[in-house]
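One structure is given below, encoded as structure tokens.
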Amino acid sequence: MTTPISIFTCIECDKKYDIRDIRYRCDCGNLLEVIHDLTSSIPNPLDWKTSLDGRKGQSAFYRYQDILFPSMPKENIISLYEGDTPLYDVSYDFPNFKSLKLKHEGMNPTLSFKDRGMVAGVSWANALGCRHVICASTGDTSAAMAAYAGASPNMKGIVLLPKGNISPEQLAQAITYGALTVEIETDFDGCMKLVQELTDKHSIYLLNSMNSIRIEGQKAIGIETLHQLDWKVPDWFIIPVGNAGNISALGKGLRELYSLGIIDKLPRLAGVQTDGASPLYESYKNKFSDLVPQKAKPTKASAIQIGNPVSFKKAVRELQHFDGVVESVSETELMDWKAQIDSLGISICPNSAVSVSGAMKLRNSGVINKQDNVVAILTAHGSKFSNTAVKYHDNNTNQFANKMLIIKPSIDELERTLEL
Ligand code: F0G
């Protein structure tokens with residue numbers, strides 16, 4: 001590997017570490033972030049920006065690599081052609097916004113945004129020669145890590161899952177991609193604690209988003225969105241928050257674009273949680289007071305049922321930088337919005353619906369105003385959560401239920417049912 005132009009820096013005490021070290025925290029206990037010498041990888045930002053238009057044939061990680069992670073040796077990249085996800089314009093359906101666009105990260109290879117971080121994380125593990133990678137997960141990180149480890153030569157994935165708390169589709173992903181799959185009788189926070197203890201003791205590479213290399217890959221979501229918008233900055237990005245890695249990545253990528261002069265203003269950020277799993281929201285209400293970990297309550301948005309978000313401090317820093325807000329939504333709100341977005345032909349998971357419900361709620365309360373251009377990030381595909389969707393539609397008391405009908409094989413009965 002040639003001398004990297006990236007280093008780890010502690011988010012609190014600024015201590016620096018070699019990027020080739022296998023470490024996730026500073027000696028002071030705080031998380032690290034990766035700092036690149038972007039003046040060296042992108043000496044002429046305007047030329048770089050123009051060159052991106054001619055590189056649409058490349059998958060997103062290669063295309064944006066100079067800003068995402070310039071120190072990654074190209075020969076070590078394990079890509080499953082993640083990225084280039086659609087940015088749906090649904091402004092016509094929602095005229096109470098100047099514009100509303102939905103960035104559908106569920107259209108990635110393993111059906112969630114996690115592929116963006118895993119292409120970076122697993123490729124780096126490959127570059128470092130790691131043979132075993134591990135994560136705790138609410139279902140999507142594990143699916144992505146299992147897939148990318150499967151795609152790597154000589155790499156085995158190990159996933160720790162909260163028993164009974166992830167969907168059958170997500171479970172099937174980890175198993176079928178070949179990861180060693182361990183269900184544990186605890187919640188996500190319990191799995192996260194165990195995985196940190198284990199990787200402190202053994203040389204297994206940790207690929208949760210507390211590994212700041214993953215954050216670098218996830219920056220691509222915001223950067224690609226801006227590219228799709230021809231670098232015209234929306235007023236708002238709305239994003240669901242669980243362990244708080246993704247909102248941290250979104251903020252970091254946008255800050256870097258701004259520092260290069262690729263964009264000329266910053267959007268505002270809104271993080272959204274569910275009422276039963278809302279430690280960031282509680283902190284926000286108290287002027288971003290210190291994290292008070294919660295016992296997260298069950299939610300249909302099971303991927304963000306997290307009470308002790310590892311990247312809390314990073315998320316708060318980004319929210320403050322972007323004049324951000326945090327909202328919280330109920331189970332009814334999120335499931336009703338899921339049904340409404342699904343019915344537009346855009347299949348979303350309950351966690352993505354948290355983002356949409358948050359946008360609607362912030363619009364209704366006037367935090368987002370009618371003149372605002374808004375991008376809501378959809379984090380995973382609806383087909384990962386079919387049981388939740390079928391149950392919603394099977395219950396006529398739900399406002400947007402589309403109840404399935406069951407009839408005998410008779411033409412009369414069919415005609416009666418169709419009112420013909
Ligand atoms: N949406 C989905 C679909 C997710 O899977 C997650 C996190 C989030 C949103 C929240 O992102 O944690 O960076 O704030 N899923 C993790 C997992 C925890 O294990 O798959 P975050």
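The values are calculated or read from the model by the stated rules, or taken from the named source; none is laboratory data. Note that the structure is a prediction, hence the values are computed from the model and not measured. Backbone-built Cβ (ideal geometry, glycine too); neighbour counts: all protein chains shown.
Computed quantities for the displayed model
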quantity	calculated
ILE263 vs. criteria under 30 Å from LYS403 (Cα atoms), assigned to a loop (DSSP other than H, G, I, E, B) and modelled with pLDDT of 95 or more	no
Conditions (1) more than 15 Å from the ligand (Cβ to nearest atom); (2) over 20 Å from THR379 (Cβ atoms); (3) over 20 Å from the mean Cα position of the chain (by Cα); number of the one not met by SER283	(1)
Residue count, the range 315-356 (criterion: on the phi > 0 side of the Ramachandran plot and small (Gly, Ala, Ser))	1
Only listed residue being of a type outside the set (S, T, N, Q), out of contact with any Ser or Thr (no Cβ under 6 Å at 6 or more places or on another chain) and within 14 Å of the ligand (Cβ to nearest atom), chosen from VAL367, VAL316, VAL329, VAL292	VAL316
The range 31-58, residues that are out of contact with any helix residue (DSSP H, G or I) (no Cβ under 7 Å at 6 or more places or on another chain) and either surrounded by 15 or more Cβ atoms within 10 Å (Cβ to Cβ) or touching a residue at least 60 places away in the same chain (Cβ under 8 Å) (or both)	ILE35, HIS36, PRO45, LEU46, LYS49, GLN58
Meets criteria (surrounded by fewer than 19 Cβ atoms within 10 Å (Cβ to Cβ) and closer than 25 Å to ALA353 by Cβ) for GLY150	no
Residue check for GLU216: more than 14 Å from the ligand (Cβ to nearest atom) and not β-branched (Val, Ile, Thr)	no
Residue in the range 247-260 that is over 24 Å from SER352 (Cβ atoms), free of Cβ contacts under 8 Å to residues at least 24 places away in the same chain, out of contact with any strand residue (DSSP E or B) (no Cβ under 6 Å at 6 or more places or on another chain) and within 15 Å of the ligand (Cβ to nearest atom) present	no
Test: SER152 is away from the ligand (no atom under 11 Å from the Cβ) and among the hydroxyl-bearing types (Ser, Thr, Tyr)	yes
Sole residue being basic (Lys, Arg), exposed (fewer than 13 other Cβ atoms within 10 Å of the Cβ) and within 23 Å of LEU87 (Cα to Cα), chosen from LYS403, LYS361, LYS370	LYS370
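Residues checked against (1) within 14 Å of the chain's Cα centre (by Cα); (2) touching a residue at least 40 places away in the same chain (Cβ under 8 Å); (3) within 16 Å of the ligand (Cβ to nearest atom):
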residue	(1), (2), (3)
GLY178	no, no, no
GLU185	no, no, no
CYS191	no, yes, yes
THR199	no, yes, yes
SER203	no, yes, no
ASN208	yes, yes, yes
GLY222	yes, no, yes
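For (1) in contact (Cβ under 8 Å) with a residue 24 or more places away in the chain; (2) within 17 Å of GLY178 (Cα to Cα); (3) part of a loop (DSSP other than H, G, I, E, B), each residue gets a yes or a no:
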{"residue": "GLU82", "(1), (2), (3)": "yes, no, yes"}
{"residue": "PRO95", "(1), (2), (3)": "no, no, yes"}
{"residue": "GLY106", "(1), (2), (3)": "yes, no, no"}
{"residue": "CYS135", "(1), (2), (3)": "yes, yes, no"}
{"residue": "ALA147", "(1), (2), (3)": "yes, yes, no"}
